[in-house]
Amino acid sequence: MSMRGEIISKEYQSMVWVKDNDGKEYACYLDDLKDKDNLTEEEKAKCVNVSDMLGDSW
């Protein structure tokens, strides 16, 4: 695996996918979360809303 692939793999492995109370799914770095079962607005700002990338119909 190239160095670039190793970096991407390491970053991917440090991420989690979390749903908020409204059912929206976010991709977050585990280190940015205090409790992945209770996502705060501050934590959401550090994450990527998956539907923004894929669209609501996905």
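This table checks each residue for (1) on the phi > 0 side of the Ramachandran plot; (2) modelled with pLDDT under 90; (3) assigned to a helix (DSSP H, G or I).
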position: Gly5; (1), (2), (3): no, yes, yes
position: Ser9; (1), (2), (3): no, yes, yes
position: Gly23; (1), (2), (3): yes, yes, no
position: Cys28; (1), (2), (3): no, no, no
position: Lys36; (1), (2), (3): no, yes, no
position: Leu39; (1), (2), (3): no, yes, no
position: Glu43; (1), (2), (3): no, no, yes
position: Met53; (1), (2), (3): no, yes, yes
position: Trp58; (1), (2), (3): no, yes, no
**Message:** Return the pair list, or none, for Cβ contacts closer than 6 Å from residues in segment 3-17 that are exposed (fewer than 11 other Cβ atoms within 10 Å of the Cβ) to residues that are of a type in the set (Lys, Arg), at least 6 apart or on different chains.
**Reply:** none
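Every residue in segment 18-29 that is of a type outside the set (Ser, Thr, Tyr) and surrounded by 12 or more Cβ atoms within 10 Å (Cβ to Cβ), please.
Narrowing segment 18-29 to residues of a type outside the set (Ser, Thr, Tyr): 18-25, 27-28.
Passing the criteria: Val18, Lys19, Asp20, Lys24, Glu25, Ala27, Cys28.
Out of the residues in segment 30-46 that are under 17 Å from Gln13 (Cβ atoms) and in contact with a helix residue (DSSP H, G or I) (Cβ under 7 Å, 6 or more places away or on another chain), which is surrounded by the fewest Cβ atoms within 10 Å (Cβ to Cβ)?
As a first pass, look at segment 30-46 and keep what is under 17 Å from Gln13 (Cβ atoms): 30-33, 36.
When the remaining residues are screened for being in contact with a helix residue (DSSP H, G or I) (Cβ under 7 Å, 6 or more places away or on another chain), the result is 32-33.
Values: Asp32: 16, Leu33: 18.
Going through the qualifying residues, I end up with Asp32.
The values are calculated or read from the model by the stated rules, or taken from the named source; none is laboratory data. None of these values were measured; they are calculated from a predicted model. Please note: Cβ atoms are built from the backbone with ideal geometry, for glycine as well, and neighbour counts cover all protein chains shown.
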